[in-house]
Amino acid sequence: MSLITKIGSIDIRNPLILASGVMGTSYSTLQRIYNGGVGAVVTKSIGLNSRKGNPNPSVFALNEIRSAINSVGLANPGYQVFREDVEILVKNHVPTIVSIFGENENEFSEILNGLKDFPVLAFELNLSCPNTEKGGIQIGTDSEAVFQIVKRLKSETEVPLWVKLTPNVSDVIEIAEAAVNGGCDALVAINTLKAMVIDIHTKQPILGFKKGGLSGAAIKPIGVRYIYDLYERFEDRIPLIGAGGIMSGEDVIEYLLAGASAVQIGTALGVAYPENMIKFFISKIKKYMRENEFKSISEITGGAH
Ligand code: DHB
């Protein structure tokens, strides 16, 4: 039995990938999660310039539904400063996917060109942040813009490009088709859902930015549905990476059966020792594979269709 997972031209040691956002952009935290056992790590999204992000509180745990809401606001050091971290990650052989965001095609291009000399595993285009006025969801809900950006960036690098889709659209297939037609190498679904929480005592929204993005167990069935729909549309023409509410090894299997080749884990890592959680996930996946006589992850992918 092998956990080695293929995502297009890339092989990783198992199907668990650290999702963007949860562990920042510093090499030390990303390296720690890789040492903890995941197959690869995605950085918090990197932009053109440094950004402080939105006012606190910008993350709020919704423990009763094993979920979280955030409005971090794309806080990051900017790509030039980030180059120091990515250099160490690459030197230490940490399979790294760099998430990038921009307000428009030219910004995406400048960031990509500033980082593309590092042998990273892939770039993940964050076309789906709910917490910014420009870029983010505004781009990710516009299929023509998605097509143009992917096509342009594809012409500028050999490094695989993944596109992270927003669930905040009425037709995800239309946006996914635009990304695939633009030449992307994998689709990641889903990013957070637009949401908010209000404190009934202060009678005010809890987040400093008032509104945010929902992650965690509450969104898992939505993510599974998106992956299922995308697999129905594309089958094995494009690798799918499942994300959204994966809190257990069983949740990983569910996403694989829906059609994912690999998965990203985010909110779950914030509620326990990441190392323990990753080990626990892996042992559950192995047990399931033994019991169901699966020899490889790819045999599970799409099994629910
Ligand atoms: C942020 C970015 C995201 O892509 C997301 O889904 C949620 C929050 C942010 O930085 O605010």
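The values are calculated or read from the model by the stated rules, or taken from the named source; none is laboratory data. These numbers were taken from a predicted model, which means no experiment stands behind them. All Cβ positions, glycine included, derive from the backbone under ideal geometry; neighbour counts span all protein chains shown.
Where the second residue is more than 16 Å from the ligand (Cβ to nearest atom) and among the polar types (S, T, N, Q) and the first is over 27 Å from residue 298 (Cα atoms) and assigned to a strand (DSSP E or B) and lies in region 10-39, which pairs have Cβ atoms under 9 Å and are six or more apart or on separate chains?
Listed by first residue and then by second, the contacts come to nothing, as the list is empty.
Which pairs have Cβ atoms under 7 Å, sit 6 or more apart or on different chains, and link a residue in region 267-293 that is under 30 Å from residue 72 (Cα atoms) and basic (Lys, Arg) to one that is surrounded by 14 or more Cβ atoms within 10 Å (Cβ to Cβ) and at pLDDT 95 or above?
279/37
Restricting the search to region 91-104, which residues are closer than 17 Å to residue 164 by Cα and crowded, with 16+ Cβ neighbours inside 10 Å? Can you show your working first?
Of all residues in region 91-104, those closer than 17 Å to residue 164 by Cα come to 96-104.
Scanning region 91-104 gives 96, 97, 98, 99, 100, 101, 102, 103.
Being part of a helix (DSSP H, G or I) and within 13 Å of the ligand (Cβ to nearest atom) is the filter; apply it to region 138-167 and report the residue that is surrounded by the fewest Cβ atoms within 10 Å (Cβ to Cβ). Lay out the reasoning, then the answer.
Start the filter on region 138-167 by keeping residues that are part of a helix (DSSP H, G or I), which leaves 138-140, 143-154.
This time we only want the ones that are within 13 Å of the ligand (Cβ to nearest atom), so: 138-140.
Values: 138: 15, 139: 25, 140: 29.
Applying the filter and picking the extreme gives 138.
Look through region 105-130, keep the residues that are within 16 Å of the ligand (Cβ to nearest atom) and not hydrophobic (A, V, I, L, M, F, W, C), and return whichever of them is surrounded by the fewest Cβ atoms within 10 Å (Cβ to Cβ). Lay out the reasoning, then the answer.
Residues of region 105-130 that are within 16 Å of the ligand (Cβ to nearest atom), as a first pass: 107-108, 111, 123-130.
With not hydrophobic (A, V, I, L, M, F, W, C) added as a condition, the list becomes 107, 124, 126, 128, 130.
On the way: 107: 18, 124: 28, 126: 30, 128: 27, 130: 21.
Applying the filter and picking the extreme gives 107.
Could you grab me the full set of residues in region 41-57 that are within 12 Å of the ligand (Cβ to nearest atom) and either among the hydrophobic types (A, V, I, L, M, F, W, C) or touching a His at 6+ places or on another chain (Cβ under 8 Å) (or both)?
42, 46
Return the residues of region 1-23 that are closer than 26 Å to residue 61 by Cβ and surrounded by fewer than 17 Cβ atoms within 10 Å (Cβ to Cβ); say none if nothing qualifies.
none
Condition first: away from the ligand (no atom under 16 Å from the Cβ) and at pLDDT below 95. Now tell me which residues in region 64-95 satisfy that. I'd like the intermediate steps shown before the answer.
First pass over region 64-95, keeping only residues away from the ligand (no atom under 16 Å from the Cβ): 64-66, 80-81, 83-95.
Of everything in region 64-95, nothing turns out to be away from the ligand (no atom under 16 Å from the Cβ) and at pLDDT below 95.
Between 81, 86, which is surrounded by 17 or more Cβ atoms within 10 Å (Cβ to Cβ) and over 24 Å from residue 146 (Cα atoms)? Full working, then the answer.
Working: 81 fails: surrounded by 17 or more Cβ atoms within 10 Å (Cβ to Cβ).
Checking each option against the conditions leaves just 86.
Would it be correct to say that residue 193 is within 16 Å of the ligand (Cβ to nearest atom) and either touching a helix residue (DSSP H, G or I) at 6+ places or on another chain (Cβ under 7 Å) or over 18 Å from residue 72 (Cα atoms) (or both)? Quick ask: steps written out before the conclusion?
Working: within 16 Å of the ligand (Cβ to nearest atom): yes; either touching a helix residue (DSSP H, G or I) at 6+ places or on another chain (Cβ under 7 Å) or over 18 Å from residue 72 (Cα atoms) (or both): yes.
Yes: the conditions hold for residue 193.
Can you tell me which of (1) closer than 23 Å to residue 245 by Cα; (2) within 16 Å of the ligand (Cβ to nearest atom); (3) in contact (Cβ under 8 Å) with a residue 40 or more places away in the chain; (4) touching a helix residue (DSSP H, G or I) at 6+ places or on another chain (Cβ under 7 Å) is the one residue 173 doesn't meet?
(2)
Condition first: crowded, with 24+ Cβ neighbours inside 10 Å and part of a loop (DSSP other than H, G, I, E, B). Can you find one or more residues in region 62-70 that meet it?
Within region 62-70, none of the residues are crowded, with 24+ Cβ neighbours inside 10 Å and part of a loop (DSSP other than H, G, I, E, B).
Residue 22 - would you say it is under 26 Å from residue 286 (Cα atoms), within 19 Å of the chain's Cα centre (by Cα), within 16 Å of the ligand (Cβ to nearest atom) and at pLDDT below 95?
yes
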